[in-house]
Amino acid sequence: MMVKEKPKKNVNKSADKTIEKWIGHVDKLNHIRCTNVYNNRYRVDVFTWYKLEGELYDRTKISQSYFVAVADDEVINLTQTQEPENDR
């Protein structure tokens, strides 16, 4: 029985650089993960370092998360934010 390799997704290095430039400087940056979900629409997670009191090592967390589209080297923020419901 042979194991088949998973097909590799198209990696758009230009889009990755455009998104990285759009995000800009982030304090305590660990890394940025850009996942092409479909048709040049990306899930972007920004991971940063943080320290818990009493812990020996730093940890990482997702400090920012976006859903964006990239077209003509422009980033369009498609992130949906939930509006608070009015108390009646």
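The values are calculated or read from the model by the stated rules, or taken from the named source; none is laboratory data. Given the structure is predicted, the values throughout are model-derived calculations rather than measurements. Cβ: placed from backbone, ideal geometry, glycine included. Neighbour counts: every protein chain shown.
Could you tell me how many of the residues in the range 1-39 are within 19 Å of S65 (Cβ to Cβ), modelled with pLDDT under 90 and either of a type in the set (S, T, Y) or under 11 Å from the mean Cα position of the chain (by Cα) (or both)?
Total satisfying the criteria: 1.
Are there any pairs with C-beta distances below 7 angstrom linking a residue in the range 38-64 that is more than 25 Å from L78 (Cα to Cα) to a residue that is among the aliphatic types (A, V, I, L, M) and in a loop (DSSP other than H, G, I, E, B), with the two at least 6 apart or on different chains, and if so which?
Close Cβ pairs (under 7 Å, with a partner that is among the aliphatic types (A, V, I, L, M) and in a loop (DSSP other than H, G, I, E, B)) amount to R59/L52.
Could you check the range 24-88 for strands (runs of 3 or more DSSP E) lying wholly inside it with 1 or more residues that are surrounded by 10 or more Cβ atoms within 10 Å (Cβ to Cβ) and small (G, A, S)?
Output list reads 59-71.
Scan the range 40-53 residue by residue and report those that are charged (D, E, K, R) and closer than 12 Å to S65 by Cα.
Answer for the range 40-53, where residues must be charged (D, E, K, R) and closer than 12 Å to S65 by Cα: R43, D45.
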